[in-house]
Structures are given as C-alpha cells and as structure tokens.
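Report on the following structure.
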Amino acid sequence: MNGKIFITRRIFDEIVTFLESTFEVSGNPADRVLTPDELRAAAAEADGLLALLTDRIDQDLLDASPRLKVVANFAVGYNNVDIDAATARGVLITNTPGVLTDTTADFAWALLMAAARRVVEADRFVRSGRFDAWGPRMLLGHDIHHRTLGLVGMGRIGQAVARRAGGFGMKILYYDPHPVPAEALAGLDARSVTLDVLYAESDFISIHVPLVEDTHHLIDDAAFGKMKSDCVLVNTSRGPVVDETALVRALESRTIAAAGLDVYEHEPDLAPGLKALDNVVLTPHIASGSHATRMRMCQMAADNLVEALGGRQPPNLVNRDAWDRRRQ
Ligand code: DGY
C-alpha cells in the first residue's frame, strides 16, 4: 500500500475500490459533515485527503497533520482551503476544473428560467388545488428570449452559460477583470462592460466568479440599487459573493424581480426572510449534480491523489508553489 487516504464523506463505491487498489482507505460512515475536531483527527493519520467544499482545511488541521501531502478537493472551487497555509507546508491542493462546466451552466439556466417564469410557484399553485381554469393574468412572468443577459465572471462556466443564450436570441454583457480569449467569444453577441453598465442594462444577471476577498459581497445593496426592477439574479457560484440580507431586502421591496439561488452566504443556513419569499427559487447547491458529472469529479479527485502520492505532479494542482517546495 502506498499510503493512507481518508475520504471525508460517502462517495461512489467504484472510486473507493479504485483507490483501495493502491492505498489503505478509510472514510466517514456517518456520511455527514465532520466537526473540525473529527476532521483533524482523521487527517492526522492520512497521507492524502479526498475532501469536499464543506471541509475546512485550515492552519489548525494542517498543523495537526504532519503526514499529509495532498488534499484533493471534490469541487472546482477551493475557498474551503487555506491555500497559503497549505503551500507553506508543502501540501498539494487539487480541484476538479472543466468536468462540471456544462452541467453547472445547464443548471444556471434551469434556475434562470424557473425564477423568470415562476415555475416553482406555479407547481405549488397546481398541487394546492388552486388551478381552477386558464386565466389571462395567472402567474405572469418575465420573457427570456431576445433580452439581455449579464454575466459577472466570464471564465469557463460563464462562457458556457453565454453559449446557451444564443438559442434565446439574447444579447450578452459580461464583466471579467481577466482578459477573455477571442475564441471563447466567437459567435456570441457579447460585449465587455463595467459592472455598473452590466447592472443597469441586464434583464438577467448570472454570477460566475470564485469566492476571493475581492468578490465577497460583490453584489450588495448598492449593486441591487443599480439593477432594473425586472431583473432576475442567478447565483450558482458561491453564496458569500452576494450579501444575502441585502438580497432579501431587494426581493421584498421588488428592487429586483426575482432570484434563483443554488448557493448561500452561510450554507446550509438561509438569511432570515429568504424562504418566505415567493420570488426566489432555492436549490441545495446541486448545480454540478448530475450522475455523470459527479462521477467525473470524483474520479478526477481520485486521479489527483494517485498522481500526488505516486510522487508525480497531479494534473489539477492549484498551488504550484507547494510542488516546487516539495522538490527542494
Ligand atoms: C464546485 O465544484 O465548486 C461546486 O460548487 C460544487 O460542484
């Protein structure tokens, strides 16, 4: 056996079997988020962790884990990891980019359409027996076709959301502080704008930025104040990018029309007042949750463990400096 792996939640049996062919593998049979103490105790014995975005990989854990060489995060986002602390200790961190792009983009559209056309409200309406006849003013929503989609963040997932907008004849505005390659924009009716222009001109705003210091509460009271009153906001990125209390105020006061949320500021808790609102669609962080995509993410995390513990640079290494440090 080439080391000990700890898997922090129940994953797919095939992947456990794959890892068992190389490593001594243990896991979390309770299949719940471990407490910091439980996670630290498990990590202390491990050479590698297969971790989730709900696991905090912080200085305390890293200090208590002298054997730990690699943390393979089962997610593209890695804001749950203190990257600087891991790098300083030579612990490799990997993620799962690319394989969830289209699945997440599909889901951003599912939320956009559900929120704009009041699909969840309508479902509740029918189930509660209130549908007694077709009505001219019943559950009216907002058109999607030929309107303007604003993308905050134009990386892989933002681009995939943009490509899908073509079928609806939509115009795209995007904001991204990093240059977007020309080939990613080919065939799109897309224009790079400032955030203020994006807020003022978009009918739909979908967020696709990572959670870093600069994006924390990027969408706040001031941002909502600049949006159209019929704007629909979609967030499939990270909850804290939106000030959720400000969002509740914006939805209650109809400063914006509606929202579709897959992520929350204090996940899994919701800001007071959010769940009482009819003009928001709420899902439990499942944007990447198709059978095929979750399996691919899991396999990718496992491959990263195999490579890292085999002494090779893992394909999806996030902190290159940690690799250089290990080789010194
Ligand atoms: C990620 O990968 O970062 C998602 O939030 C979970 O799929």
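Can you check what the Kirkwood hydrodynamic radius comes to for the stretch 100-219, Cα pairs only, in Å to one decimal?
One decimal place: 15.7 Å for the Kirkwood radius.
Listed highest first by mean packing, meaning other Cβ atoms within 10 Å per residue, what order do 168-178, 98-108 come in?
Output ranking for 168-178, 98-108: 98-108, 168-178.
Over the residues of the stretch 277-328, compute the C-alpha Rg and express it relative to 2.2 N^0.38 Å.
So the stretch 277-328 has a normalised radius of gyration of 1.74.
Be a star and scan the stretch 214-243 for residues whose amide nitrogen sits under 14 Å from the point 7 Å along the Cα-to-Cβ vector of Ala276.
Those under the cut-off are none; the list is empty.
What does the net charge come to around His285 if you take all other residues with beta carbon closer than 9 Å to its beta carbon, with K and R at +1 and D and E at -1?
-2
Ranked highest first by average number of other Cβ atoms within 10 Å, how do 245-256, 276-287 line up?
Peptide ranking by packing, descending: 245-256, 276-287.
If I model a spin label at Glu45 and His145 as a point 7 Å from the Cα along the Cα→Cβ vector, what separation in nanometres do I get?
Rounded to a tenth, the inter-label distance reads 6.0 nm.
For the chain, what is the number of Lys pairs with C-alpha distance below 30 angstrom, counting only pairs 8 or more positions apart or on separate chains?
Eligible lysine pairs with Cα atoms under 30 Å apart amount to 5.
Got the relative contact order for the chain handy, in percent, Cα pairs under 8 Å and 6 or more residues apart?
Relative contact order, the chain: 19 percent.
Let me know the shape class of the stretch 155-275, please: from the alpha-carbon gyration tensor, a ≥ b ≥ c as square roots of the eigenvalues, rounded when a/c is under 1.5, otherwise prolate if a/b is greater than b/c, or oblate.
Taking the square roots of the gyration eigenvalues as a ≥ b ≥ c, the stretch 155-275 is prolate.
Compute for the chain: radius of gyration divided by Kirkwood radius, i.e. Rg/Rh, restricted to C-alpha atoms, rounded to two decimals.
For the chain, the value is 1.01.
At 1.4 Å probe size, with every protein chain present, just tell me what the per residue accessible area of the chain comes to in Å².
48
Working from the alpha-carbon coordinates of the stretch 150-206, get Rg over Rh, Rh being the Kirkwood radius.
My calculation puts Rg/Rh at 0.91.
For the stretch 91-156 and the stretch 17-86, compute the distance between their C-alpha centroids and round to whole Å.
Using only Cα atoms to place each centre, the spacing works out to 33 Å.
Treating only the Cβ of Lys, Arg, Asp and Glu as charged (+1, +1, -1, -1), what charge dipole size does the stretch 1-101 show about its Cα centre? Round to the nearest 20 debye.
The calculated dipole for the stretch 1-101 is roughly 100 debye.
Can you grab the distance from the C-alpha centre of the stretch 285-325 to the C-alpha centre of the stretch 219-249, Å, no decimals?
The stretch 285-325 and the stretch 219-249 have Cα centres spaced 32 Å from each other.
Given +1 on the Cβ of Lys and Arg, -1 on the Cβ of Asp and Glu, and no further charges, what dipole in debye does the chain carry about its Cα centre, rounded to the nearest 20?
My answer is approximately 680 debye.
Once a ≥ b ≥ c are taken as the square roots of the eigenvalues of the Cα gyration tensor of the stretch 1-102, is the result rounded (a/c under 1.5), prolate (a/b larger than b/c) or oblate (a/b not larger than b/c)?
Taking the square roots of the gyration eigenvalues as a ≥ b ≥ c, the stretch 1-102 is rounded.
How would the stretch 54-105 be classified by its alpha-carbon gyration tensor: rounded, prolate or oblate, with rounded meaning a/c under 1.5 and the a/b versus b/c comparison settling the rest?
Verdict is prolate for the stretch 54-105.
Just the ratio, please: alpha-carbon radius of gyration of the stretch 59-149 over 2.2 N^0.38 Å, N its number of residues.
1.88
If packing is taken as the average count of other Cβ atoms within 10 Å, what order do 5-18, 291-304 fall into, highest mean first?
My ranking of the peptides, most packed first, is 291-304, 5-18.
The values are calculated or read from the model by the stated rules, or taken from the named source; none is laboratory data. Just so it is clear, the structure is predicted and the values come from calculations on it, not from any experiment. In this analysis, Cβ positions are derived from the backbone assuming ideal geometry, glycine residues included, and neighbour counts consider all displayed protein chains. Just the protein is used for accessible areas: all its heavy atoms, side chains included, with ligands, DNA and RNA removed. Shrake-Rupley method; radii C 1.70, N 1.55, O 1.52, S 1.80 Å.
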